[in-house]
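Report on one structure; see the data block that follows.
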Amino acid sequence: MTPASGKPRALSEAERVAGRLINRELSWLEFNTRVLEEAGNENHPLLERVRFLSISASNLDEFYMVRAAGLMAQVAAGVTKTSDDGLTPGEQLEAIREQVKKLLKAQSRRSAQLLAECRDAGVAVVKPEELGERSREWLSRWFENQLFPVLTPQAVDTAHPFPFIQTGCLVYVLRLMRPADKHEINGLVLVPPQIERFVRVPGKALRFVAVEEIIARNFRLLFPGMKILGHGIFRISRDSDLEIDEEAEDLVRTFESALLRRRRGNVIRVEVAAGMPKNFRRFVLKAFNASHAHVFNIDGMLGLADIKQIITDQRRDLQHEPLNVRFPERVREYGGDILAAIRAKDFVVQHPYESFDVVVQFLRRATEDPAVVAIKQTFYRTSEDSPIVEALIAAAEAGKLVTAMVELRARFDEAANIRWAQEMERAGVQVVYGFMELKTHAKVSLVVRREAGKLRTYTHFGTGNYHPVNARVYSDLSFFTCDAALGRDTARLFNYMTGYATPEDMEKLVYAPAELKNTLVELIEDEVAHARAGRPAEIWAKLNSLVDPEIIDCLYHASQAGVRIELYVRGICCLRPGVPGMSENIQVRSMVGRFLEHSRVMCFGAGHRLPSTESKVYVSSADWMPRNLHHRVETLVPIENETVKRQLVEQVLMANRFDVMQSWQLEPDGAYRRLDHQSGDFSAHTWFMTNPSLSGRGSALRESRPAMPGELFPDTGDPAAAEDKPRPTLVKAAV
């Protein structure tokens with residue numbers, strides 16, 4: 001680590017002995033284990049537990065396509081450089097393989113349990129032979145009319161080479177014999193990913209049949225006259241990486257070509273059904289030249305991400321009650337004029353508890369307002385039917401100056417972003433694609449309005465993407481401000497993104513890759529100075545991921561100086577907390593529940609005991625990872641309004657602090673242990689669903705104020721006051 005003084009700090013003996021960092025990839029797998037644990041959490045309705053099972057499988061698919069694929073490429077290239085925690089790419093892959101084996105077994109066990117519970121509850125996944133004669137006849141007709149025309153059974157021999165198979169596709173491999181001459185060949189049947197995985201059988205009962213079961217029942221119609229000697233099913237994952245030529249003259253055309261190449265990426269994982277004959281397995285691995293790939297025998301259903309398809313609105317009783325989404329009362333006070341509400345006072349909206357429609361209305365109001373001159377907007381991800389894009393197109397058609405900063409490298413959304421960019425360009429929006437070497441991950445919207453002969457700026461900073469669908473399940477923050485300095489800084493940031501004009505005189509806004517990391521280091525070192533001077537020294541931070549080794553070293557240094565640090569890190573955390581002599585003053589929690597924790601909030605005590613409105617508070621688009629701090633355009637936004645500060649510290653951070661229903665604690669050995677709880681214990685998600693935010697209440701706040709999380713407990717936020725009180729009991733995850 002290089003602290004603010006510029007002098008490298010030597011590692012302490014405790015740091016060397018304990019193992020300074022937790023491996024990034026293994027930490028991610030621990031996170032996905034916590035997701036899978038929610039599939040067994042009976043506090044969730046049954047079909048919501050099925051949803052968690054699906055999410056854990058989908059997460060693992062993406063992990064292989066991105067992270068494991070990158071390590072395999074390093075091994076293939078002969079790279080032996082160790083990671084920050086001291087493992088070579090090969091050693092990391094071996095550790096990943098062992099951890100994934102355990103995770104897959106846990107998924108299979110949980111799948112069997114949930115499918116049995118679903119059957120008992122009247123939502124059954126059945127085999128064709130379990131159906132009555134009329135239902136089997138219906139299934140046969142469905143196969144002939146809906147599936148048979150799109151299937152392409154294929155023999156594999158000299159005249160019929162092994163076909164291309166895309167990632168995630170289920171494939172049957174068969175051994176066939178022609179009775180006339182006893183000639184044997186291999187055959188393949190690809191299960192079309194465009195077809196629903198589970199077919200609902202007509203009738204009062206909710207019964208589903210997996211499409212691969214229907215295909216297996218009809219092999220003889222696909223290979224008439226052939227004898228089926230045996231069959232097995234497998235599934236592959238491919239490398240998803242995009243290789244982009246930095247000298248490309250037409251970035252859109254380059255990305256379109258790269259997307260086509262990605263479909264043919266190297267096979268990096270092969271899943272085969274347990275019991276598949278060894279000769280079939282050898283045939284498949286040889287066909288893909290996949291000796292380097294991770295191969296797993298799956299005892300149960302392959303492609304568990306698809307299990308979410310049995311979640312049906314016909315059984316709302318087995319799902320969470322719909323969320324009653326609130327609209328900020330502050331905006332209602334101004335007749336729905338959000339620009340007038342922002343002029344009156346800064347405020348924060350917390351999604352999904354408060355409607356994302358307030359962000360959409362921000363742009364629609366700007367579109368309709370004749371005094372609005374210009375709109376500038378970043379795009380990282382958005383929805384298939386995006387109201388944000390519609391608003392920008394309408395604004396351009398209304399004669400506004402509209403600039404859209406579109407990031408083409410938002411993984412797995414590249415094609416959608418290209419399509420949106422082209423549509424906006426046709427409408428007259430000035431579309432810019434940013435940097436070749438940096439991703440634009442900042443979530444910023446700027447509206448410029450002419451008022452009394454002068455220009456006033458209205459700015460929205462988000463912690464989440466401009467994605468209305470994700471905003472229903474992601475817990476994120478939207479900060480609206482009319483602060484002139486932040487408006488000027490945002491205009492400078494857009495000039496940097498569109499014209500490479502590096503800002504030299506930013507007033508308040510901090511951005512990456514320029515000063516964000518240095519600012520974080522300075523803020524941490526300021527707390528060290530307070531601790532050494534005998535003043536209160538505390539840091540609370542809520543993040544998705546904590547990976548950057550230099551930031552982690554700064555936090556270790558602060559802990560050793562006496563700074564009390566509470567971190568709420570949903571996903572990857574490479575910091576090892578609670579190690580005597582290294583990090584005994586650091587606590588790390590992870591919340592996994594109904595909503596995906598996605599907001600980033602940082603609070604530095606600045607010589608005051610937290611919570612305090614005298615502290616320094618920020619919202620950010622950036623996690624504390626090398627990619628965010630060095631290779632992306634990100635924002636760190638200071639919060640100065642007292643009500644907004646109180647909302648972020650006393651509501652958002654304090655709710656995370658007191659949650660025991662959905663929280664896990666990271667132990668020094670790198671394991672996570674669920675906080676034990678009893679009925680009635682505090683749930684942050686439940687609290688946010690039932691309590692309005694402070695800054696969005698407007699004048700209603702004078703009439704009534706929600707009881708803050710810290711007021712519900714004897715420990716009202718003073719960590720020292722709680723030192724000799726019993727902590728919640730921890731129980732180890734049972735995966």
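The values are calculated or read from the model by the stated rules, or taken from the named source; none is laboratory data. These figures come from a predicted structure and were not determined experimentally. Note: ideal-geometry Cβ built from the backbone for every residue, glycine included; neighbour counts use all protein chains shown. Keep in mind that these areas ignore ligands, DNA and RNA; they rest on the heavy atoms of the full protein, side chains included. Shrake-Rupley method; radii C 1.70, N 1.55, O 1.52, S 1.80 Å.
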For residue 182, list the lysines whose Cα falls under 19 Å from its own Cα; do not include residues on the same chain fewer than 8 positions away. 227
For segment 447-505, treating each Cα as an identical point scatterer without solvent, what Debye log10 I(q)/I(0) comes out at q = 0.17, 0.18, 0.24 1/Å? -0.72, -0.78, -0.99
Could you give the size of the charge dipole of the chain about its Cα centre, using +1 on the Cβ of each K and R and -1 on the Cβ of each D and E, expressed in debye and rounded to the nearest 20? 1740
Could you state, as a whole-number percent, how many of the C-alpha pairs of segment 613-675 are farther apart than 21 Å? 48
Using 18 Å as the cut-off for backbone N distance, which residues of segment 197-232 belong to the label zone defined by a point 7 Å from the Cα of residue 160 along Cα→Cβ? 215-232
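Could you compute how fast segment 61-176 diffuses translationally, taking Rh as the Kirkwood radius over C-alpha pairs and applying Stokes-Einstein at 4 °C with viscosity 1.567 mPa s? Give it in µm² per second. Each step should come with its number before you reach the end.
Details: Rh = 19.3 Å.
Once the numbers are plugged in, D ends up at 67 µm²/s.
From the mean inverse distance of alpha carbon pairs (Kirkwood) and the Cα radius of gyration, derive Rg over Rh for the chain. Let's see the in-between values first.
On the way: Rg = 27.6 Å, Rh = 28.0 Å.
With Rh from the inverse mean 1/r over Cα pairs, Rg/Rh is 0.98.
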Averaged per residue, what accessible area in Å² does segment 91-133 show with a 1.4 Å probe, protein chains only? 50
Label-point separation in nm, residue 320 to residue 676, each point 7 Å along Cα→Cβ: 2.7
What lysines does residue 204 reach when the alpha-carbon gap must be under 29 Å and sequence neighbours fewer than 8 apart in one chain are set aside? 127, 308
Helix 516-532: inclination vs the chain longest Cα principal axis, degrees, rounded to 10, gives 60
Which lysines have a Cα less than 29 Å from the Cα of residue 616, not counting those fewer than 8 places away in the same chain? 7, 345, 376, 439, 443, 508, 517, 542, 645, 725
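Please pull out the direction-averaged projected area of segment 513-608, using the convex hull of its alpha-carbon atoms, in nm² to one decimal place.
Spelled out: convex hull of the Cα atoms, projected over all directions, averaged, 6.2 nm².
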Mind computing the radius of gyration and Dmax over the alpha-carbon atoms of segment 558-623? Å is fine for both. 13.2, 37
Note to self: with every protein chain in place and a 1.4 Å probe, segment 519-576 gives an accessible area per residue in Å² of 23
With a 1.4 Å probe and every protein chain left in place, work out the accessible area per residue of segment 357-507 in Å², rounded to a whole number. 37
In segment 417-513, trypsin sites (Lys or Arg not before Pro) in a DSSP loop with at most 11 other beta-carbon atoms within 10 Å: none
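Could you calculate the contour length gain from residue 333 to residue 425, that is, 0.36 nm times the residue separation minus the distance between their Cα atoms, to one decimal place in nm?
Numbers: separation 92, 0.36 × 92 = 33.12 nm, distance 3.64 nm.
In short, 29.5 nm is gained.
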Stokes-Einstein D (µm²/s) once Rh is taken as the Kirkwood radius of segment 320-468 over alpha-carbon pairs, at 25 °C in 0.890 mPa s: 153
Roughly speaking, to the nearest percent, how much of the chain's 1.4 Å accessible area is carbon and sulfur? 47
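How high is the relative contact order of segment 66-150, in percent, counting Cα pairs under 8 Å that sit 6 or more residues apart? Present the calculation step by step, with values, prior to reporting the outcome.
Details: 29 pairs, mean separation 12.0, N = 85.
For segment 66-150, the relative contact order is 14 percent.
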C-alpha long axis of helix 24-38 to longest principal axis of the chain, angle in °: 80
Can you pull out the chymotrypsin sites (Phe, Trp or Tyr not before Pro) in segment 485-551 that DSSP calls coil and that have at most 12 other Cβ atoms within 10 Å? 500
Taking the convex hull of Cα positions in segment 546-667, its mean projected area over all directions (nm²): 7.7
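Between residue 394 and residue 667, what is 0.36 nm times their sequence separation minus the Cα-Cα distance? Round to one decimal in nm. Working shown, then result.
Details: separation 273, 0.36 × 273 = 98.28 nm, distance 5.20 nm.
93.1 nm is the gain from fully extending residue 394 to residue 667.
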Would you be so kind as to identify which of 457, 125, 363 lies farthest towards the positive end of the dipole of the chain, taking Lys and Arg as +1 and Asp and Glu as -1 on Cβ and the Cα centre as origin? 125
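Quick one: dipole size for segment 433-525, taken about the Cα centre, charges +1 on Lys/Arg Cβ and -1 on Asp/Glu Cβ, in debye to the nearest 20.
520
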